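Q: Submitted below is the structure of interest, expressed as structure tokens.
Every read-out reported here was derived from the displayed coordinates using simple, explicitly stated rules and does not represent laboratory data. Only a predicted model underlies this, so the values are computations on that prediction, with no experimental measurement involved. Ideal geometry is used to build each Cβ from the backbone, glycine not excepted, and the neighbour counts take in all protein chains shown.
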Amino acid sequence: MSETVTFIHAADLHLGAPFRGLRALSPTWADRLVEAIPEAYDRLVAAAIDRACDFVVIAGDIFDAARPSYRDFSHFVRGLQKLADAGIPVYFCTGNHDPYTSWQASYAELPANVRMFPADAPGYFVYERGGLPLVLLGGRGYYSQSVAPGDDIADGITRAAAEAACGVRAPFAVGVLHTGLDVDPTKAPVDPRQLAAAGMDYWALGHIHEARLDDPADPRIAFSGCIQGRDINETGARGCLAVTLEEGRANRAEFVPLASVVWQKLAVDVSACATVADVHDAIMRALFAANGTAQCEEMVARVTLVGATPLHDLLADPKVISDVRDEVNEGYPVFFCDALIDRTRAPHDRAALRREGLFPQVLLDQADAAAADEAGAVAYVQDEFLKAGLQLPAHVIRDIASLQQQAADALLDELDGGRDER
Ligand SMILES: [Mn+2]
């Protein structure tokens, strides 16, 4: 019979993160976000219990600060206790934010279901089912914030070492580390080839705040990402991975969204807007569209207005922009726009460019000539696609006139010194 094990892989909880930047903009939302992290952690605990998974792995950065508050520590322990009550063991290591050297062990004892990997050397545990070893776990915590360069945090952590240390063999072996891998060379970097050669079935890693799987079809080395974005640089859904290992089958890792507030950066094209009220509507539509894809209920969005519009001069007025932002924020309480940025431009004044003569005039004349010969333009594009071995999409032929217009606009943008920032 082939064995199966399922577990939750989480990391980078960052309990206690302060959301400093937001407080000046909106105390309400700063308070809301302070609650969002413990809430996401509660969802993590609930996800493990609802799925009746075998165990939970947390790969470091449980706390945002090296010396967390007692309140945050207690909240962490309460979640562990819920998992203990449900019979779910937890294996965790420390990260660079909450290194082993500053772990506040005197705050509270951890429940008996919890195992912490040591940080000065590799540590190993056995997960048993029905009295038989099912999974060997090997890992090591982050020791101090100043890990010596050349210190290899993964050194010696192999399946063979886990078997030797535990004195048993098991169907599965899982590695746990807080490492920059080959993504962040400043935080205990490890060569992924070294991990791949260690004989582990799966490496549950922490530190990179975005979910990253080496192979989505058969993940063996993975970051689960943080459970709740902390600022505008951590956009999109955040959560954990529900991992299934099965003998004779590819590994599976399902992303489980946990963040209760999602950050987004949105570019809203307002070139079709006739009025400022239309701009407001376009922003709202973009917020709703982004919210649908992010699987969240609440969202902090940074919105950049782009496109060529006769409203450009009006939108350049900071008062108009701040009024629109206020209206957006009053309109729907679960969305918060932390900044509304105007990157629109005035439409090209073709008549003026022609009067100026010089290169833009030559370009516009060429564009006019091309526009007058639609059949020639289609033949040209067909030829280019043929040369590239690509099939020409039908809409290109249908929309050739408007595409020519867009191409001329894009060239004029370039002549103007750059494109819209996105
Ligand atoms: Mn982190």
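Q: Per residue of the chain, what 222 nm ellipticity follows from adding -39500 (n - 2.57) for every DSSP H run with n ≥ 4, rounded to the nearest 500?
A: Values: 13 runs with 151 residues, N = 422.
After summing the helix terms and dividing by the residues of the chain, the value is -11000 deg cm²/dmol.
Q: How far is it, in nm, from the label point at Asp313 to the one at Gln405 when both lie 7 Å from their Cα along the line to the Cβ?
A: 2.3
Q: Looking at the chain only, what percent of DSSP beta bridges run antiparallel? Nearest 5 please.
A: Values: 21 of 66 bridges.
Counting DSSP beta bridges with both partners in the chain, the antiparallel share is about 30 percent.
Q: Step by step: find N for the chain, compute 2.2 N^0.38 Å, then divide the Cα radius of gyration by it. What's the final number? Please report the intermediate quantities before stating the final value.
A: Details: Rg = 27.3 Å, N = 422, 2.2 N^0.38 = 21.9 Å.
Cα Rg divided by the expected 2.2 N^0.38 Å: 1.25.
Q: To continue, here is another question. Which residues' amide hydrogens lie under 5 Å from the amide hydrogen of Thr304, considering only partners 5 or more residues apart or on another chain, with H built in the peptide plane?
A: Placed amide hydrogens put Leu266, Ala267, Val268, Ile341 under 5 Å from Thr304.
Q: Each residue of region 136-143 in turn: what ³J(HN,Hα) in whole Hz from Karplus with 6.51, -1.76, 1.60 and θ = phi - 60°, glycine and Pro shown as x?
A: Once rounded to whole Hz, the list reads 9, 10, x, x, 7, x, 7, 7.
Q: Any chance you could check the Cα centroid distance between region 134-208 and region 213-242 for me, in angstrom?
A: Between the Cα centres of region 134-208 and region 213-242 lies a distance of 18 Å.
Q: Shifting gears a bit: Considering the alpha-carbon set of region 240-332 alone, what are its Rg and its Dmax in angstrom?
A: Here Rg and the maximum Cα pair distance are 19.0, 64 Å.
Q: Whole number please: convex hull volume per residue of the Cα set in region 61-118, in Å³? List each step's numbers first, then the result.
A: Values: hull volume 4.1 nm³, N = 58.
Convex hull volume per residue, Cα atoms: 71 Å³.
Q: In whole Å, how far is the Cα centre of region 1-67 from that of region 315-339?
A: 30
Q: No solvent, one uniform scatterer per C-alpha: report log10 I(q)/I(0) for region 1-142 via the Debye equation at q = 0.12, 0.18 1/Å, two decimals.
A: -0.51, -1.05
Q: So if we plug the beta-carbon distance of Ser102 and Val381 into 1/(1 + (r/R0)^6) with R0 = 56 Å, what FRET efficiency do we get, rounded to 0.05? Don't skip to the answer; put the middle values down first.
A: Working: r = 63 Å, r/R0 = 1.12.
Taking R0 as 56 Å, the efficiency between Ser102 and Val381 is 0.35.
Q: May I pose another question? Tell me, what HN-Hα J-couplings in whole Hz come from the Karplus equation 6.51 cos²θ - 1.76 cosθ + 1.60 at θ = phi - 60° for each residue of region 229-239, using x for Gly and Pro?
A: Those phi angles translate into x, 9, 7, 5, 7, 10, 7, x, 5, 10, x Hz.
Q: How much FRET efficiency would the formula 1/(1 + (r/R0)^6) give for Ala369 and Phe288, where r is the Cβ-Cβ distance and R0 is 56 Å, rounded to 0.05? Kindly include the intermediate steps, with their values, before the conclusion.
A: Working: r = 43 Å, r/R0 = 0.77.
Once rounded, the FRET efficiency stands at 0.85.
Q: What FRET efficiency do you get for Met1 and Ala112 if R0 is 25 Å and r is their Cβ-Cβ distance, rounded to the nearest 0.05? Working shown, then result.
A: Values: r = 30 Å, r/R0 = 1.21.
After rounding, the FRET efficiency stands at 0.25.
Q: Related question: In nm, what is the difference between 0.36 nm times the number of residues separating Ala160 and Arg20 and their Cα-Cα distance? Don't skip to the end; give the middle numbers.
A: Details: separation 140, 0.36 × 140 = 50.40 nm, distance 4.59 nm.
Fully extending the segment from Ala160 to Arg20 adds 45.8 nm.
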